[in-house]
Each structure stands twice: as C-alpha cells, then as structure tokens.
Amino acid sequence: MDLVDFMDEVRLSSRLTKQCIDSEGKCLEEKPGTDETQDKDSIPSKTSANVEQSDIESQIRGELADLHAPRKQRSRIQYLDTDTECLCFIQCSPPVSARATVDQILQEVLKTGESRSRYIQRLAPVDKLCRAEQDAIRSTATEVLSNFFSSDQPRTYRIEPRIRSHTSLSRDILISLIASCVPDNGGHRANLTQPDVVILVEVLKNVCGVGVIENYEQMGKFNVQTVAQRGGQNVSSSRVAAARGGDIANEET
C-alpha cells in the first residue's frame, strides 16, 4: 500500500467515524412522539405530496445532469495531509517527476535569489513509497537504486534517514538495510563528506519513501532559504560585476 492509499484510508475512516458520532448524537437529541402522533404525521397532505414530488423530479434532473457532465480530470499534483506538524506530502502523478519538479524549483530560486515562499523550509523528493517494513524497504530500495548505480560508473553515496512518528526501525537499521541494496558490481562506495549522490530514506508512521538526489550539498541540502541566500549573493555579485563593467566602458569612452 502506498502513501496515497494509506492516507485515503485514514481520511475515509475519520469521515465515517465522524458521521456515525454525529448521527448517534442527533438520534439521542430527538424526542419520539406517541404512536398516534406518528400515525398522523405519516399521512401526507395533498400539498406536501405535490411539493415532495416536485423535489424528487428536481433531484432526478440534477442527477441526470451530473451523469452527462464531463468528468474532471484528476490533478497530477495533489496535496495529502500527513497529520504531522510542519510536514506535508505532495503526490506527483506521471508524467510529472518529483525530482525534476523540485530541481526546477530550486534552480529558479538559485537564479533569482527569491524563495517565493515564507513557509517552505526544505524539499525532499522521493522516487517510490512502500510500507515501513524491512522486506518492503529492501525491495523498494533495490529497485530505486538500480536506476542510479550502474556497473560501468562507480559512484559515491551517503545515506540520510529521517524517522517521524515511528519506533520499529532505527536509524542504524535503515542505514545498514539501504547499504545492502546498493549494487555490488560497480565499485560504489560510501562517502560521508562529498558524495556523488545522497540516498534519502523518509519514514513517516508506517510509510517509507526512498529517493536518490544529485547536487544535494551544492543545493544547500535542498533547503529553500539556503538556496535563496546563495542565489541572492550570486545576483548581487553579477550586478556589481555589471556595474564595474559599465564604469570601465565609460572611462574608456
């Protein structure tokens, strides 16, 4: 089960529970009358019957209109509530790529020096989701890492696990588990200071996401504000260089 199904199940359970509680409360608040009163109320008058028939016809027309109306296309980018403070999850459906989207956002922030957000602190794209269980994580990590670690190009890596609202798997277990999924036939090795790629392992409750990121350190560990500061410095340096170039040109003329 992926995070989408998990979150949908949680939201569905919450809605059903709330509806049952509300319905039960309304039933307790109602004061049933005598049998005689109920019998009288059950005999509709001519006016009420006409109104009821009109309402039914309106409902039927509305349902027919809904059936013939074009269905709305599901958005390729959806926000999913994680029920966790200061953490949200955004699902990208194909052909939208989470890594490509995040990279494009950060490149724009670096270019302009503007974060364009007052609240986003860090972006962490993951390639695939699974249950937060060792067998599921091993299978998912093996599939994801095979796309980034080839036998003809040795690469260095660092594993960065983050665990939230989860107690079954520790940081050390995750590092050892992910390291065992790196292909053995390519000369790949760990490098904690200057790795070619960073393997993100994001665990939230009973869901785990695995992703591989390039230029992680160069992009300020994908911290939006850090990237904006670096971009601002680059923009200022470019302006100073342009101004000096203009001054030199004026002196020559």
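No lab work stands behind these numbers, since they all come straight from the coordinates. In this text the structure is predicted, and so the values were computed from the model without any measurement. With ideal geometry, Cβ positions are generated from the backbone for all residues, glycine too; neighbour counts draw on all protein chains shown.
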TODO: Evaluate the relative contact order of region 66-127 (contact order divided by residue number), counting alpha-carbon pairs under 8 angstrom at least 6 apart; express in whole percent.
DONE: 24 percent
Open item on the list: Can you give me the long-range amide H partners of His188? Hydrogens built in the peptide plane at 1.01 Å from N, cutoff under 5 Å, separation of 5 or more residues or another chain.
Closed with: Arg155
TODO: Pull out a ≥ b ≥ c, the square roots of the eigenvalues of the alpha-carbon gyration tensor of region 77-227, then state rounded if a/c is under 1.5, prolate if not and a/b is larger than b/c, and oblate in the remaining case.
DONE: oblate
- [ ] Would you mind calculating the relative contact order of region 95-183 from Cα pairs under 8 angstrom and at least 6 residues apart, reporting the percent as a whole number?
- [x] 27 percent
Task: Chain lengthening between Arg162 and Glu214 when straightened (0.36 nm per residue, less Cα-Cα) - done: 16.9 nm
TODO: May I ask you to evaluate 6.51 cos²θ - 1.76 cosθ + 1.60, the Karplus curve with θ = phi - 60°, for each residue of region 116-123 and list the ³J(HN,Hα) values in order in whole Hz, giving x for glycine and proline?
DONE: 6, 8, 8, 10, 6, 9, 8, 10
Open item on the list: Applying a 10 Å radius around every beta-carbon, put 130-139, 75-84 in order of their mean neighbour count, most first.
Closed with: 130-139, 75-84
